[in-house]
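Peer 1: Structure provided below as structure tokens; questions to follow.
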Amino acid sequence: MKERKVIQKVRGVRATDGAGVRLVRVLGNETMYDFDPFLMLDSFDSYNPDDYRRGFPEHPHRGIETVSFIAKGSMTHEDHLGSRQTITDGEAQWLTAGSGAFHSEQPGGIRMLGLQLWLNMPGNRKMSAEPEYHGITRDEIPEFRSDGVLLRVLTGEYHGLKGWQGRYVPLDYYDLHMQPGAKTEIDVKPGNTVMVFTLVGDVITGGTTVVEKTAARFSDGDTVVIEAGGDGAEVMLMSAPPLNEPIAWYGPIVMNSEHELRTALRELDEGTFLKGNTKYT
């Protein structure tokens, strides 16, 4: 067994998105190749509803999948497919934008704690994949317990426990709740890009201390060892195979070339963005 070591840490910067939602942008354009296929990672943590009550009004996406996890609070998703669902504590939402989707997201609750991850899609599926939505509710999230650690399988699988899985990029996404001083060794797939994000609390992993609200990327190997600090921790672990493809990214659109980006923007202007030239304004 080869333990992975931390080779990159990113803390992110404060940003505002949507209609004025305050967040911390951890991953973005500057890290997109290092963390491939993980494009963007936004962190939310606020007790002030003014930071998030205005939400994310309707907007388009193409070429990506978005995975939103709510540790505390709620998130209501609506899209052009007619999907509408509110998730709450410990649940997640998965939107495959594929060839094109419009959706909105409305955070709520007395505390907003969670993450949104953008997962890139293979170039040959960006336009062939139909948009779809799935809400990952508590009854779809299997749990694995060891000494002082609860591992929840949001997507993918772990030790024979199978959670929900997307169609295009196999993502193992775990929500770990660790008691003070607890230590765990997690099997991961060699060759995958593997990262953790310390949602709450500090940990020691991969030979280094990773403080709260930090993303850490690992070297190759087949295990990750995590030890919680004295206050315990909630840690998100994400593992997926890199795509190793060129990335052309503008706002909510992620393609493989500038030509594809220009095409998408033109279709937005013309009202032909949705697959099949369906008019949508």
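The values are calculated or read from the model by the stated rules, or taken from the named source; none is laboratory data. Computed from a prediction, not measured in an experiment: that's the story for all the values here. Here the Cβ positions follow ideal geometry from the backbone for every residue, glycine too, while neighbour counts run over all protein chains shown. The area values use the complete protein model at the heavy-atom level, side chains included, leaving out ligands, DNA and RNA. Shrake-Rupley method; radii C 1.70, N 1.55, O 1.52, S 1.80 Å.
Peer 1: Quick one: of the DSSP bridges fully inside the chain, what percent are antiparallel, nearest 5? If you can, show how the numbers build up before the last one.
Peer 2: Working: 97 of 100 bridges.
Counting only bridges with both partners in the chain, antiparallel ones make up about 95 percent.
Peer 1: On a 30 Å Cα-Cα criterion, which of the cross-link pairs Lys162/Lys213; Lys126/Lys183; Lys126/Lys189; Lys2/Lys213; Lys72/Lys183 come out too long?
Peer 2: Lys126/Lys183, as the Cα separations exceed 30 Å there.
Peer 1: Additional query: Which of the aspartates and glutamates could a cross-linker bridge to Lys5, judged by Cα under 14 Å and excluding same-chain residues fewer than eight apart?
Peer 2: Straight-line reach from Lys5, under 14 Å: Glu185, Asp187, Asp220, Asp222, Glu227.
Peer 1: Now a separate question. Under a crude label model (7 Å from the Cα following the beta-carbon direction), how far is Ala248 from Asp17 in nanometres?
Peer 2: Each label point is offset 7 Å from its Cα along the Cβ direction, giving 2.2 nm.
Peer 1: Hey, what D do you get for the chain in µm²/s if you plug the Kirkwood alpha-carbon radius into Stokes-Einstein at 25 °C and 0.890 mPa s?
Peer 2: Values: Rh = 19.0 Å.
After rounding, the answer is 129 µm²/s.
Peer 1: Need one number: the % of Cα-Cα pairs in region 125-226 sitting beyond the 16 Å mark.
Peer 2: The proportion of pairs with Cα distances above 16 Å equals 63 percent.
Peer 1: Now for a different question. For the chain, build the charge dipole from Cβ charges (+1 Lys, Arg; -1 Asp, Glu) around the Cα centre, then report which of Thr208, Gly90, Thr155 sits farthest towards its positive end.
Peer 2: Result: Thr208, furthest along the dipole toward the positive end.
Peer 1: Further question on the same structure: Given a 1.4 Å probe and every protein chain left where it sits, what share in percent of the accessible area of the chain is carbon and sulfur? Write down the numbers at each step before the final one.
Peer 2: Working: 5700 of 11960 Å².
That share works out to 48 percent.
Peer 1: If you don't mind, there's one more thing I want to ask. What number comes out for the charge environment of Gly191, summing +1 per Lys or Arg and -1 per Asp or Glu over other residues with Cβ under 11 Å away?
Peer 2: -1
Peer 1: From the Cα gyration tensor of region 24-146, with a ≥ b ≥ c the square roots of its eigenvalues, which class applies: rounded if a/c is under 1.5, or else prolate if a/b is larger than b/c, or else oblate? Intermediate results must be reported in sequence, preceding the final value.
Peer 2: Working: a/c = 1.39, a/b = 1.32, b/c = 1.06.
Taking the square roots of the gyration eigenvalues as a ≥ b ≥ c, region 24-146 is rounded.
Peer 1: Angle, helix 258-270 long axis vs. longest principal axis of the chain, Cα atoms, 0 to 90°, nearest 10?
Peer 2: 60
Peer 1: Under the rule of -39500 (n - 2.57) per DSSP H run of 4 or more residues, summed and divided by the residues of the chain, what mean residue ellipticity at 222 nm is obtained, to the nearest 500 deg cm²/dmol? Please report the intermediate quantities before stating the final value.
Peer 2: Working: 1 runs with 13 residues, N = 281.
The per-residue figure over the chain is -1500 deg cm²/dmol.
Peer 1: Another question, if that's okay. Go ahead and collect, in residue order, the members of region 210-240 whose backbone nitrogen is under 14 Å from a label point 7 Å along the Cα-Cβ direction of Tyr33.
Peer 2: Counting backbone N atoms under 14 Å from the label point, the list is empty.
Peer 1: Provide the per residue accessible area, probe 1.4 Å, for the chain, rounded to a whole number of square angstrom. Write down the numbers at each step before the final one.
Peer 2: Details: 11960 Å² over 281 residues.
With the other protein chains kept in place, the chain gives 43 Å² per residue.
Peer 1: What whole-number volume per residue, in cubic angstrom, does the convex hull of the C-alpha atoms of region 151-281 give?
Peer 2: It comes to 144 Å³ per residue, whole-number rounded.
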